[in-house]
Amino acid sequence: MSYSLIFTIAFAAAIVAGLLVKFWLATRQVRHVAQHRGAVPAAFAQTITLAAHQKAADYTIAKARFGLIEMAWSAALLLGWTLLGGLDVLNKLLLDWIGGGMAQQLVLLALFAAIGGLLELPFTLWQTFRLEERFGFNKMTWKLWLADALKSTLLGAVIGLPIAALILWLMGAAGQLWWLWAWGAWMGFNLLLMLIYPTFIAPLFNKFQPLDDPKLKERVTALMKRCGFAAKGLFVMDGSTRSAHANAYFTGFGASKRVVFYDTLLRQLNAGEVEAVLAHELGHFKHRHIVKRLIAMFALSLAGFALLGWVSTQVWFYTGLGVQPNMAAPNSALALLLFMLAVPVFGFFVAPLPARLSRKHEFEADAYAVAQTSCADLSAALLKLYQDNASTLTPDPVFVKFYYSHPPASERLARMATAA
């Protein structure tokens, strides 16, 4: 049996196995949430109404069922691009039209992204304008959605094509260790994005105003000083123009760090609760979670580029995924695309590991917030956010272990009570 056939079988088996596991997990989630829809869990009976609990259950079930259809469609597209020959046909058409070289490879990447985006578009629109609208979360107009789509496309071209061209050039010109140089370029590009995103990219999509509540600003500034954290500014983002979901986050890197509050968050929480939510975010910095994740990203991407450097020279890698390469000519764009398509298929099975680590980090950030502010304020804030975002209080435990980056509300509140 050839390496190509072995790889084809392994790839197809991984797709089928992954799809079966995803369907099993989704149906578990739907069944578990539906079974507990009729009554608010005892721990939340005094704070969450039955109507809010049932809305969260219905929202969770609707998203899970929609996800089942989306999963099947994504698997079909993946097979279409690979084993059924879609990418091979597109590549050969472009070779006949443009010939080989950098231009053909960049057009291949751009067309792949454009076609993939168009094929996924119905699901994006349905989720935004039907599912989110049904539960009162979507605030996006068609005009705003179109403007965002155009801006995202232009940004993708302006930012993505140059870095793609650089990596493609390195793949052809930097020798056997091209992957090491490409990794360095990729990491530098990501760090640059972290620096420029807050001040140049994010304002293209949202309005950011300095926090103008003097009492809240004083309270938040005192907390940050107490925690030894410096940021370039405190800003309020007009999140309500797109969604009713609430959030707060840190963005930027080094001197460009800033704290951003959604306007929806400030409307829903009092000053003490906002301070507690911010303390939770500060806990991530205090425990160096951001640095640890950056280091992990550096290590994983290095391993990924090294693996890409090897498989890009193996004929079985291409033929095993439905593509007939011309090994006498550059196949860099093909290698990149096939690698990006194949890695998530196999990587899905280790997804519970980073999810578990993320939940551990959330517990640590909660404990830090409780030590710096008030357990009661953080608990109240979390409950309001769970309710306002229609997050179910009764997720399936197995689904949680596989997917959840944040612990369920019951676990978080119980852990905070012991830490207080």
Task: Distant-in-sequence amide H partners of SER243 (H built 1.01 Å from N, under 5 Å) - done: LYS139
Open item on the list: Can you give me the long-range amide H partners of THR82? Hydrogens built in the peptide plane at 1.01 Å from N, cutoff under 5 Å, separation of 5 or more residues or another chain.
Closed with: LEU87
- [ ] Go through region 359-371 residue by residue and turn each phi into a ³J(HN,Hα) via Karplus (6.51, -1.76, 1.60, θ = phi - 60°); whole Hz please, and just put x for glycine and proline.
- [x] 5, 4, 5, 5, 4, 5, 5, 4, 4, 5, 5, 5, 6
Open item on the list: Relative contact order of region 148-273, please, whole-number percent, based on alpha carbon pairs below 8 angstrom and at least 6 residues apart.
Closed with: 20 percent
TODO: Could you let me know the centre-to-centre spacing of region 334-359 and region 157-210, using Cα atoms, in angstrom?
DONE: 21 Å
Open item on the list: Could you give each residue of region 110-121 its phi-based ³J(HN,Hα) in whole Hz, using Karplus coefficients 6.51, -1.76, 1.60 with θ = phi - 60°, and x for Gly or Pro?
Closed with: 5, 5, 4, 5, 5, 5, x, x, 5, 5, 8, 4
Task: Cβ-based net charge around THR124, under 12 Å, with every Lys or Arg adding one and every Asp or Glu removing one - done: -3
Task: Residues whose placed amide H lies under 5 Å from that of GLY322, excluding near-sequence neighbours - done: none
Task: Contact order normalised by residue count of region 1-419, Cα under 8 Å, 6+ apart, percent - done: 25 percent
TODO: Taking 7 Å along the Cα-to-C-beta vector as the label spot, tell me the ARG267-THR418 distance in nanometres, rounded to one decimal.
DONE: 3.8 nm
Open item on the list: Test of understanding: what is the full-extension gain from LEU125 to ASN206, defined as 0.36 nm times their sequence separation minus their Cα-Cα distance?
Closed with: 27.2 nm
Task: Pairwise FRET efficiency - ALA157 versus MET194, Cβ, R0 = 30 Å, nearest 0.05 - done: 0.90
Open item on the list: Quick check: residue separation of ALA39 and ARG134 times 0.36 nm, minus the Cα distance between them. What number comes out in nm?
Closed with: 32.0 nm
- [ ] Compute the label zone of LYS55 within region 111-150: residues whose backbone N is under 16 Å from the point 7 Å along Cα-to-Cβ.
- [x] 131-139
Open item on the list: If the reach is capped at under 30 angstrom between alpha carbons, list the lysines near LYS401, excluding any in the same chain fewer than eight residues apart.
Closed with: LYS22, LYS55, LYS63, LYS286, LYS292, LYS360, LYS384
Task: Two-site FRET efficiency, ALA75 against ILE6, from Cβ-Cβ distance with R₀ of 22 Å, rounded to 0.05 - done: 0.60
Task: ³J(HN,Hα) computed for each position of region 398-412 - Karplus, 6.51 cos²θ - 1.76 cosθ + 1.60, integer Hz, glycine/proline x - done: 5, 4, 4, 5, 7, 10, 5, 8, 10, x, x, 4, 4, 5, 5
Open item on the list: Please report the spacing between the Cα centers of region 104-128 and region 366-382 in Å, no decimals.
Closed with: 42 Å
Task: Beta bridge orientation in the chain: antiparallel %, DSSP, nearest 5 - done: 65 percent
Task: LEU166 paired with VAL350, simple spin-label distance in nm, labels 7 Å along Cα-to-beta-carbon - done: 2.6 nm
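Every number here is computed from the coordinates shown, using simple stated rules; none is lab data. Here the structure is a predicted model, which is why all the values come from computation and not from measurement. FYI the Cβ positions are ideal-geometry reconstructions off the backbone, even for glycines, and counts take in every protein chain you see.
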